[in-house]
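The structure under discussion appears below in the form of structure tokens.
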Amino acid sequence: MNEVTRILDAIESGDAQAAEQLLPLVYEELRKLAASRMVKEPADHTLDATALVHEAYLRLVDADRVQRWDSRGHFFAAAAEAMRRILIESARRRKTLKRGGGGNRVDIEQAVIEVDASSDDLLALDEVLTRLSAHDPVKAELVKLRFFAGLTVPQAAQALGISSSTADNHWAYARAWLRVEMTGEAPNDAI
């Protein structure tokens with residue numbers, strides 16, 4: 001059992017000091033994930049990578065809500081989900097009329113996930129991700145890990161506990177599904 005998994009078990013058991021031990025071990029990885037995600041955010045975004053990591057970490061180790069961590073991969077998948085939720089909440093706040101929202105929805109460029117996402121793009125992506133999650137939760141998790149955590153397909157496969165080839169197939173399917181949902185167009189190679 002690696003050190004991170006041992007500390008996660010201790011947090012789950014109610015050890016208050018374990019959370020303090022966890023942060024130094026995972027901070028750099030979380031910071032890299034957040035930094036890769038923040039590059040895609042608008043320049044006027046109020047969060048930076050450090051703030052995103054801290055907010056996500058606080059949500060993950062909240063003493064009022066004991067969480068079960070099956071593995072290191074499960075923890076990082078939860079971190080990706082926490083970052084996604086924080087960014088979605090931020091996008092929704094920016095979009096409100098009070099804060100100058102009300103613009104038209106902008107489709108992300110043919111659902112290729114590595115794009116510069118504005119608030120509208122992020123909200124549209126969240127909407128279709130919610131539908132994909134109802135349709136196929138594993139594929140939705142893969143998209144979240146790729147887009148919000150910046151993981152490669154092999155890294156996301158490991159976090160999800162699936163093979164790289166299965167992750168490649170899921171990724172191809174999810175991209176095509178998102179393209180159809182976001183643009184209303186069938187993939188070019190569909191006959």
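Things worth noting here:
- In this label model, N2 and E20 are separated by 2.5 nm, measuring between points 7 Å along each Cα→Cβ vector.
- Ranking of L129, L23, L142 by count of other Cβ atoms within 10 Å, fewest first: L23, L129, L142
Where a number appears in this text, it was derived from the coordinates with a stated rule and is not lab data. Here the structure is a predicted model, which is why all the values come from computation and not from measurement. When we count neighbours, we look across all protein chains shown, and the Cβ atoms used for this are built from the backbone with ideal geometry, even at glycine.
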